[in-house]
Amino acid sequence: MKSRKGFSSLSVQLTATVSVALVLLLLGMVATLALAARRITTNIQEHMGFDVVLTEQSTLDDINRFKQLFSHAPYVASFRYFSPEDANTAWHEEMGENLTELLDVNPFLPEFEINVKAAYACADSLDKIMLPLAEMPGVEQVNGHTEVVDQVNRNLSMVMLVLILAVCALLPISFVLINNTVRLTIFSRRFTIHTMKLVGASRAYIRRPFLLSNLLQGFLAGLTASAILTGIYAYMWSLDASLAAVAGAATLIFVCCSMVILGPLLSLSAAAIATQRYLTMTYDDLFYPIHPENG
């Protein structure tokens, strides 16, 4: 009988640990997706920008002056310089035509391609940057597609909003599920709690083993969820390294550490609430929901 009881207790604890691990895994996967989406958003925004086309009379000193300007500008994430020869070669490779041979002159002008930092990737910021540049000596024109930038930002913001709302919705749902799981494990030992009360044990003494047990279960659940998430990441890496790299190892480590911390905290909180509930119950209340007064 003792062996069967021990096996039953172990089975309940194992079931609770697995249940908490699955909830944490779901939360971790959504969090990883949200962080990866944020990383993709920043990457896309830092590939937005504008082109600065210089005049045909621009000298090497003018070009070096603009290189120095863009190297130290706070809004620049990266920039590339295209000489007229570079532009003509790129056109030839892409279109199969050599315009210099066709026209007897190179129609391209010196040009800088500027990619701005994510914080400046919006129409208002780009306009404030482009207007002064367009008035600088040696600049033929400044080309920017602010309407496209705004449209991309709106789409990215919508995706991020959906993912953030999903994470925010999952947090309370996760706590409710973990709380119910922990309550069920403590419910099976409610008569033990009552017996300890009868022999004069203090509430802190009664709570301690339940809190420690659920703290350990939450920690094991966090480790289990982290191991499964790492396995999924490794499998994705084996299929397509570029796809796995979107999330990044740093994001995976952050999410795994968060689950290892969040698991014990949620389990401990749920155990404290559930234990307090049964500590305040009378003997007759322990038979709920089959108490005669409750039908």
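Every read-out reported here was derived from the displayed coordinates using simple, explicitly stated rules and does not represent laboratory data. Keep in mind the model is a prediction, meaning the values are calculated, not measured. Methodologically, a virtual Cβ is constructed for each residue, glycine included, from the backbone with ideal geometry; neighbour enumeration extends over all protein chains shown.
In plain terms, the C-alpha convex hull of the range 111-206 casts an average shadow of 11.3 nm² when viewed from every direction. Return the sequence-ordered ³J(HN,Hα) values of the range 52-57 in whole Hz as given by the Karplus equation 6.51 cos²θ - 1.76 cosθ + 1.60 applied to θ = phi - 60°, using x for Gly and Pro. Listing the rounded values in order: 10, 9, 8, 6, 5, 7 Hz.
Applying the Karplus relation 6.51 cos²θ - 1.76 cosθ + 1.60 with θ = phi - 60° to the range 257-263 yields 3J(HN,Hα) values of 4, 5, 5, 5, 7, 5, x Hz, where x marks Gly and Pro. Projecting the Cα positions of ASN88, LEU265, MET236 onto the charge dipole of the chain (unit charges on Cβ atoms of Lys, Arg, Asp and Glu, taken about the Cα centre) puts LEU265 furthest along the positive direction. Other residues lying with their Cβ under 15 Å from the Cβ of GLN45 contribute a combined charge of +1, Lys and Arg counting +1, Asp and Glu -1. Label separation (LEU10 vs ALA249): 3.8 nm, computed from points 7 Å beyond Cα along the C-beta direction. Between GLN141 and VAL53, the built amide H atoms are under 5 Å apart, and every one of these is 5 or more places off in sequence or on another chain.
The phi torsions of the range 177-182, fed into the Karplus equation with coefficients 6.51, -1.76 and 1.60 and a -60° offset, translate into couplings of 5, 5, 4, 5, 5, 5 Hz, rounded to whole numbers, with Gly and Pro shown as x.
Treating each Cα of the chain as an identical point scatterer and summing with the Debye formula, the log10 of I(q)/I(0) at q = 0.10, 0.11, 0.12 Å⁻¹ comes to -0.74, -0.82, -0.90.
Using helices alone, what [θ] at 222 nm do you get for the chain, with -39,500 (n - 2.57) per DSSP H run of 4 or more residues, divided over all residues and rounded to the nearest 500?
Values: 10 runs with 212 residues, N = 295.
Value at 222 nm, helices only: -25000 deg cm²/dmol.
Averaging Cα coordinates gives a centre for the range 243-257 and one for the range 13-58; these two points are 9 Å apart.
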